[in-house]
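Encoded as structure tokens, the structure appears first; notes follow it.
Coordinate-derived values only; no laboratory data. The structure presented is a predicted model; accordingly, all values stated were derived computationally and were not measured. Cβ placement follows ideal geometry from the backbone for every residue including glycine, while neighbour counts extend to all protein chains displayed.
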Amino acid sequence: MAETNQNLYSGTFNIEGGNFNSAGIVSTGIKSTLKKLGIPSDLVRKAAIVSYEAEINVVSYAKKGVMTLTVHPGVVCIEVTDEGPGIPNIDLAMQEGYSTADQRIREMGFGAGMGLCNIRNYSDAFQIESEVGKGTRLKMTITTP
Ligand SMILES: Nc1ncnc2c1ncn2[C@@H]1O[C@H](COP(=O)(O)OP(=O)(O)O)[C@@H](O)[C@H]1O
Ligand SMILES: [Mg+2]
């Protein structure tokens, strides 16, 4: 009982909107932190995918954001809150291939419209809420089977 409540790690990281030079740094750091903690590799892989996609979305669409990583034995939780335009139609944004990415983003190899659906598919629990003109919050939980 005590062991399952044990907090192995928590950390908070800032993401700068529009800065593609540092895009991916936060999710790379999360991946290496999880590896160092000895988290099973399938969890690390899923956490790396969802954190990367969420980070790229903040860089692509928002002004700034914060990613929080919390690790308990067998449970990895990643939350991303941004200040940005928000998402007017979440159901549409969740669809495979849907993207509003502009030319500049596409030229950098992003904007395939797979980010949010991959985040949902690789998370064991996924929540998204968004307010137009304010921002977006994602919460992803990945657990050992
Ligand atoms: N943090 C965000 N803030 C505002 N809009 C977002 C955010 N994340 C995603 N979106 C919107 O949802 C769409 C789909 O996102 P995603 O599935 O990651 O595909 P892509 O980023 O390749 O367009 C984006 O094109 C954008 O319109
Ligand atoms: Mg994306």
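In whole Hz, with x marking every Gly and Pro, tabulate ³J(HN,Hα) for the range 46-53 from phi via Karplus 6.51 cos²θ - 1.76 cosθ + 1.60, θ = phi - 60°.
5, 5, 5, 5, 5, 5, 5, 4
Run the numbers on the range 1-121 and let me know its relative contact order in percent, using alpha-carbon pairs under 8 Å that are six or more apart.
It rounds to 28 percent for the range 1-121.
Quick one: if you stick a label point 7 Å off each Cα along the C-beta vector at D102 and M114, how many nm between them?
Simple spin-label model gives 2.5 nm for this pair.
Going by C-beta contacts inside 10 Å, put V76, V71 in order with the fewest on the left.
V71, V76
Give the lysines whose C-alpha is closer than 28 Å to that of K31, dropping any in the same chain fewer than 8 places away, or say none.
Once the sequence-local lysines are set aside, what remains near K31 is K46, K63, K64, K139.
Do the sum for the chain: with -39,500 (n - 2.57) for every DSSP H run of n ≥ 4, divided by all residues, what is the mean residue ellipticity at 222 nm, to the nearest 500 deg cm²/dmol?
Result for the chain: -10000 deg cm²/dmol, rounded to the nearest 500.
Average projected area of the Cα convex hull of the chain, in nm²?
Here the figure is 8.4 nm², rounded to one decimal.
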